[in-house]
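Working notes, structure below.
Just so it is clear, none of the values below were taken in a lab; they were calculated from the coordinates. These figures come from a predicted structure and were not determined experimentally. Cβ sites come from the backbone with ideal geometry, for glycine too, and all protein chains shown count toward neighbours.
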């Protein structure tokens, strides 16, 4: 058995999903948040994940009750870290926020406590110096809706202990994830390193007026057998994320794409979240078998 | 009813598939080839497509016999063009070969005959001048194994008649394709404009040593629900194609990738074709449900 007492710093979308899946898998999970308000929001999220996990795993009420019994919440970092085997940092993608956390963590945690970051945009080597334990630190990246998209990408930094990454193979399986070993530091890990250029190419076809989003999705779905195309992916992750990805780049094409996404966001077309994006939910056109004919 | 008498110039992989699907759909299809040898090879290909189409459509012997009765072969371009409603050029991706064909075609064909190119790499505007009828010419792009990957991308050039592209919507449906309208000329049409950067990103992860091909595929399959990852795609299209794509680019990363593909080709690891590529066929690891666990 690997890490048993798992503290998740941050109860946002990913943090709350990770903590819930750990608890559902019998780990003693704690969500640490800075304020009661943030913990209340985390609890509301967990209630949603519980429903999703219930459906996905056809979980019994006993199993759901056991998961809740394994999950606690605290605003005290000292309490959160006391006896923790593993700390998973899932805070907002802001280097200052993360730096502040790691420095506070390093003061309070046992020097042997392992800590990992779920950051999508930063590497272990970007953050290692703040942890006071670069050898006991690595990148550990989950995808949204982790019960279904259950990859756990494990990416050591140059200073990480040679054996540490291996310990996350068992741990990942214990919390129902598929461990994916990333052998070198890579921005975007494996998944986003492919997803970003793929989505970027699709976006370019759309904003240049080459084809309609539905036709682009249809082409991809037929050609690759995928259950969704790039614009259905955007609807799923939310157009705000699409906007941020493109707005974060300075080239003209990305800026133009950001503008096009912003126009849709301003019209309330955020995707699944608002019931309307490139498709209308809950029964988007692309799920209709006629869509591919 | 749209185009009935359809001449396909070139009986290679795509040409023979297009002609066979047209014949199977009740069109009068002719394959034109330069030599008896090339027609013999086309006939051997058609025999394979017949088996595949039989399985895919659960076609009866009567339907297969009718398809064969609708399909003829000739080395005489004059015969091939006589009375043709539509000519689909599916010759090798070599501009000289295509130029020679279009010039010969223009001399022999009725001035009203519509002609289209299935080229993946050239645009209608690259070839229009050779046809003597830029207004009656467009790009019409099929994907390999067209009975299953049945997109037909329709891409007019700047000089194409405004109404011509529309006529390919009905025609595509009549030959069991899904018409995809490409509204502006675009290298790679829609599909390859997405597939090439996606495969390129995956290749980069592999050749840089970030992750193993199997782990890259697994990550993509879990995250997107796709039935195959990028390296399974390479095995399917063949490593020779992967090599050519990368060798055709001059940047250092592409050249390095080409070298890595070449090493595998020299070892006979061409993919599905040789029974071994990144996976072993006919039962590749990635089709095993355990692969995603």
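In the protein assembly as shown, one over the average inverse separation of all distinct C-alpha pairs is 26.4 Å, which is the Kirkwood hydrodynamic radius.
The mean number of partner chain beta-carbon atoms within 10 angstrom of a residue's beta-carbon across peptide B:144-154 is 2.
Across the stretch B:5-182, Cα pairs under 8 Å and at least six residues apart give a relative contact order of 21 percent. Note on chain A: with a GNM built from Cα contacts shorter than 10 Å, the maximum mean-square fluctuation among A:75, A:224, A:13 falls on A:224.
Comparing A:248, A:15, A:277 in a Gaussian network model of chain A where C-alpha atoms under 10 Å apart are linked, the largest mean-square fluctuation is found at A:248.
Within the protein assembly as shown, what percent of beta bridges assigned by DSSP are antiparallel, to the nearest 5? DSSP beta bridges in the protein assembly as shown are roughly 20 percent antiparallel. Ellipticity at 222 nm from helices only: DSSP H runs of n ≥ 4 in chain B, each -39500 (n - 2.57), divided by the residue count, give -15000 deg cm²/dmol.
Peptide A:208-214 shows a mean partner chain C-beta count of 5 within 10 Å per residue C-beta.
Remark: label point of residue B:106 defined 7 Å out from Cα along the Cα-Cβ vector; separations to the same position in other copies 7.2 nm, ascending. Helix A:252-266 and the longest principal axis of the C-alpha atoms of chain A enclose an angle of approximately 90°. With the simple spin-label model, which puts each label point 7 Å out from Cα in the Cβ direction, the residue B:59 to residue B:103 separation comes to 3.8 nm.
The gain in end-to-end length when the residue B:162 to residue B:287 segment is fully stretched comes to 40.5 nm, 0.36 nm per residue minus the alpha carbon separation.
The angle between the Cα long axis of helix B:13-24 and the main principal axis of chain B comes to about 60°, on a 0 to 90 degree scale. A Cα-only calculation for chain B places Rg and Dmax at 20.0, 61 Å. Entry note: the stretch A:50-200 has Rg to Rh equal to 0.98, where both radii use alpha-carbon atoms and Rh is the Kirkwood radius.
In the stretch A:191-292, the alpha-carbon atoms span a convex hull of 94 Å³ per residue.
Within 10 Å of the Cβ of each residue in A:227-234, the mean number of Cβ atoms contributed by other protein chains is 2. What separates the Cα centres of the stretch B:180-209 and the stretch B:1-22 is a distance of 26 Å.
If you run the Gaussian network model on chain A, springs between alpha carbon atoms under 10 Å, then out of A:239, A:86, A:39 the most flexible one is A:239.
Set the Cα radius of gyration of the stretch A:1-80 against 2.2 N^0.38 Å, with N its number of residues, and you get 1.02.
Peptides B:52-65, A:206-219 ranked from most to least packed, by the mean per-residue count of other Cβ atoms within 10 Å: A:206-219, B:52-65.
The C-alpha atoms of chain B define a longest principal axis, and helix B:36-57 lies at about 70 degrees to it.
Beta bridges from DSSP with both residues in the stretch A:3-158: antiparallel share about 20 percent, rounded to the nearest 5.
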